[in-house]
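Working notes, beginning with the structure itself.
Quick note: the coordinates plus some simple rules give every number you see, no bench work behind them. All values derive from a computational prediction rather than experimental measurement. For neighbour counting, all protein chains shown are included, and Cβ atoms are generated from backbone atoms with ideal geometry for every residue, glycine included.
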Amino acid sequence: MKKAMLMLALLGSTLMAQNGQLANGAYAVEEGNTKAKGRVVRQYGGKDVGLDTTNFAPFVLAGKPEVQRDPSGSSLMIQLAPDAAKRLEDLTLSHLNRKIAVVVGDKIVSTPTVRGVIKDGKAKIAPCDDESCQPLLGELSK
């Protein structure tokens with residue numbers, strides 16, 4: 001079932017990007033020719049960000065996302081299903097010291113620089129104050 005969901009997410013992301021909407025996931029941020037095949041542009045921080053819809057890890061979850069709070073703020077923790085976790089590992093390996101974009105609800109919510117390979121499928125979306133965590137939690141819980 002999870003494999004079928006992953007395949008639908010992969011196919012759906014390319015089709016939805018052509019029709020304007022992106023699947024929830026982590027996407028490669030690409031500089032340069034944003035009109036190339038498989039590339040879409042989204043706004044983030046007042047700037048255009050080019051995303052490669054062929055190089056992404058869909059957020060197919062293995063469990064419910066959780067909000068974690070600590071003195072430095074709140075974050076949203078997710079655990080990806082095994083196939084999606086492998087795609088995230090491949091994406092982070094190929095983008096060490098480069099930016100990726102976290103997309104939820106067709107919006108870029110962060111553009112972290114990859115500092116290490118994510119091998120366990122656990123991802124943390126931060127910072128995430130209470131006003132932004134709840135909509136993200138709702139979108140990812142669908």
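Each row is one residue, and each column tells you yes or no for (1) more than 14 Å from GLY121 (Cα to Cα); (2) not small (Gly, Ala, Ser).
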{"residue": "ASP52", "(1), (2)": "yes, yes"}
{"residue": "PHE56", "(1), (2)": "no, yes"}
{"residue": "VAL60", "(1), (2)": "no, yes"}
{"residue": "GLY63", "(1), (2)": "no, no"}
{"residue": "VAL67", "(1), (2)": "yes, yes"}
{"residue": "ASP90", "(1), (2)": "no, yes"}
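Find the strands (runs of 3 or more DSSP E) located wholly in segment 65-121 whose residues include 2 or more that are closer than 19 Å to LEU22 by Cβ and out of contact with any Ser or Thr (no Cβ under 8 Å at 6 or more places or on another chain), and list them.
Fully inside segment 65-121 and qualifying: 73-79, 100-104, 107-110.
Residues in segment 122-142 that are in a loop (DSSP other than H, G, I, E, B), touching a residue at least 60 places away in the same chain (Cβ under 8 Å) and surrounded by 13 or more Cβ atoms within 10 Å (Cβ to Cβ): how many?
Result for segment 122-142: 1.
Given (1) within 15 Å of ASN24 (Cβ to Cβ); (2) within 10 Å of the chain's Cα centre (by Cα), where does GLY121 come up short, assuming only one miss?
Condition not satisfied by GLY121: (2).
Select from segment 28-64 the residues that are under 18 Å from the mean Cα position of the chain (by Cα), assigned to a loop (DSSP other than H, G, I, E, B) and among the aliphatic types (A, V, I, L, M) and write down the one among them that is nearest to THR113 (Cα to Cα).
Top of the filtered list is VAL60.
Considering only segment 68-81, how many residues are more than 13 Å from the chain's Cα centre (by Cα) and surrounded by 13 or more Cβ atoms within 10 Å (Cβ to Cβ)?
Count: 5.
Can you tell me which condition VAL41 does not meet? The list is (1) of a type in the set (A, V, I, L, M, F, W, C); (2) surrounded by fewer than 20 Cβ atoms within 10 Å (Cβ to Cβ); (3) over 12 Å from ALA101 (Cβ atoms), and all the others hold.
Of (1) of a type in the set (A, V, I, L, M, F, W, C); (2) surrounded by fewer than 20 Cβ atoms within 10 Å (Cβ to Cβ); (3) over 12 Å from ALA101 (Cβ atoms), only one is false for VAL41: (3).
So, LYS99, is that one surrounded by fewer than 17 Cβ atoms within 10 Å (Cβ to Cβ) and under 22 Å from TYR44 (Cβ atoms) or not?
yes
Take the residues in segment 74-121 that are among the charged types (D, E, K, R) and touching a residue at least 40 places away in the same chain (Cβ under 8 Å); name whichever of them is farthest from VAL60 (Cα to Cα).
ARG98
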